[in-house]
Structures are given as structure tokens and as C-alpha cells.
Amino acid sequence: MEVAGRAYAPYSKFLVGAVLVGKDGRIFAGCNVENISFGLTICAERNAVFAAVAAGCREFEKIVIVADTEVPASPCGACRQVLAEFDPDLEIVLANFRGQTEMFRLSQLLPRPTAGILDRS
Ligand code: THU
């Protein structure tokens with residue numbers, strides 16, 4: 001996935017790309033962007049979500065996440081929570097550069113993302 005090659009990851013050297021497919025057919029790409037103050041780093045997935053929302057798209061078919069790993073890499077907890085804001089059962093496709101893929105639903109990776117928070121069920 002081309003966007004992974006645009007990741008700014010001088011500290012970890014771990015390049016991640018994410019493509020979010022909107023229900024309207026548009027696609028939104030994100031890559032990780034690191035910072036010398038490490039905690040300011042933003043993951044590929046969240047950058048894709050924020051690009052989509054800024055473009056007026058909030059309904060998604062799926063997200064595809066790609067990294068150069070042995071086993072397809074899973075999204076971090078923060079990204080799971082951000083994705084759940086828009087679709088707690090989103091289809092998540094994980095892939096590596098060799099073309100191996102795995103498919104999950106977000107509800108498998110992050111059960112009960114909003115239970116109790118602000119009194120939501
Ligand atoms: N990273 C992502 O972009 N997405 C993930 O799901 C896991 C981690 C990035 C953050 C950081 O730039 C690097 O990978 C190492 O954690």
C-alpha cells in the first residue's frame with residue numbers, strides 16, 4: 001500500500017499505512033507520523049479517520065491496515081477506540097507486505113467500547 005511508504009517514522013522505522021473505505025466509495029489514506037516527543041506520534045489509522053471526518057465522511061465499509069511484518073499487525077487500543085466512535089463493528093482487514101491478510105470485526109478486537117461512558121450503553 002503506497003501510503004505506508006509515506007509514513008514519517010524516523011524513530012521506530014515501523015511504517016504503517018491505513019486506508020479507510022467510505023460507504024460513499026471514497027477512500028481516505030493515513031500513515032503514522034512520529035515526533036521527537038514520542039507521545040505526540042499519531043498512528044496511521046487515526047490519521048485516516050481524521051482525514052475522512054474532515055472531508056465529511058463518517059460512515060465506513062472497512063479499514064485496511066498494512067505494515068511490513070511477519071504477522072499482520074493489529075491496530076493499537078487508542079485507534080480501536082477512535083474507530084469505534086464511528087462504527088463499533090467495522091470490518092478490519094490486516095495485511096503485510098507479502099500479501100497475507102486477516103479479517104476481524106472491531107467488536108472482536110474492542111468489546112463494549114462505550115459501555116458506561118457518559119451513561120451510554
Ligand atoms: N503504529 C501505527 O501507525 N498503527 C498501529 O496500529 C500500531 C503502531 C505506529 C505508531 C508508531 O509510529 C510506530 O507504529 C511504532 O509503534
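The values are calculated or read from the model by the stated rules, or taken from the named source; none is laboratory data. Note that this is a predicted model, so its numbers are computed, not measured. Virtual Cβ from ideal backbone geometry, glycine too; neighbours counted across all protein chains shown. In case anyone asks, the SASA skips ligands and DNA or RNA and just uses the protein heavy atoms, side chains included. Shrake-Rupley method; radii C 1.70, N 1.55, O 1.52, S 1.80 Å.
If the chain between E61 and S107 were fully stretched, how many nm would it gain, using 0.36 nm times the residue separation less the Cα-Cα distance?
The E61-S107 span can extend by a further 15.1 nm.
Report the Cα-based extents of segment 4-109 along its three principal axes, largest first, to the nearest Å.
Principal extents (largest minus smallest coordinate, Cα): 34, 30, 22 Å.
As an exercise, identify the trypsin sites (Lys or Arg not before Pro) in segment 38-105 lying in DSSP coil whose Cβ has no more than 15 other Cβ atoms within 10 Å. Mind dumping the intermediate values first?
Details: sites: R46, R58, K62, R80, R98, R105; in loops: R58, R98.
Answer by residue number: R58, R98.
At 222 nm, what helix-only mean residue ellipticity would the chain give, in deg cm²/dmol to the nearest 500, using -39500 (n - 2.57) for each DSSP H run of four or more?
Result for the chain, helices only: -5500 deg cm²/dmol.
Mind giving me the nanometre distance, one decimal, between the label points for E2 and S37, set 7 Å out from Cα along Cα→Cβ?
Distance between label points: 3.4 nm.
Please figure out what share of the DSSP beta bridges in the chain is antiparallel and state it in percent, rounded to the nearest 5.
70
Loop by DSSP (not H, G, I, E, B), at most 12 other beta-carbon atoms within 10 Å: where is the longest site-free stretch of the chain for GluC sites (Glu not before Pro)?
Longest gap between qualifying sites, sites excluded: 1-58.
What FRET efficiency do you get for A115 and V93 if R0 is 22 Å and r is their Cβ-Cβ distance, rounded to the nearest 0.05?
For A115 and V93, the calculated efficiency is 0.25.
If you plug each phi of segment 25-37 into the Karplus form 6.51 cos²θ - 1.76 cosθ + 1.60 with θ = phi - 60°, what whole-Hz ³J(HN,Hα) values come out, in order, with x for Gly and Pro?
Along segment 25-37, the couplings run x, 6, 10, 10, 9, x, 9, 6, 10, 8, 9, 4, 8 Hz.
Roughly how big is the chain's charge dipole about its Cα centre, with Cβ charges of +1 (Lys, Arg) and -1 (Asp, Glu), in debye to the nearest 20?
Values: 12 positive and 14 negative charges, 22 e Å.
Roughly 100 debye, rounded to the nearest 20.
Quick one: ranking V53, V3 by accessible area, 1.4 Å probe, largest first, what do you get?
From most accessible down to least: V53, V3.
From the phi of every residue in segment 85-102, what ³J(HN,Hα) in whole Hz does the Karplus formula 6.51 cos²θ - 1.76 cosθ + 1.60 yield, where θ is phi - 60° and glycine or proline is x?
Values per residue, Gly and Pro as x: 4, 9, 7, x, 10, 3, 6, 10, 10, 9, 9, 10, 5, 8, x, 6, 10, 9 Hz.
Residue by residue, what Karplus-based ³J(HN,Hα) values in Hz, rounded to whole numbers, does segment 105-118 have, using 6.51, -1.76 and 1.60 with θ = phi - 60° and x for Gly and Pro?
Ordered by residue, 3J(HN,Hα) equals 9, 4, 5, 6, 8, 8, x, 6, x, 10, 4, x, 6, 6 Hz.
For segment 1-21 and segment 44-121, compute the distance between their C-alpha centroids and round to whole Å.
Taking the Cα centre of segment 44-121 as reference, the centre of segment 1-21 is 15 Å away.
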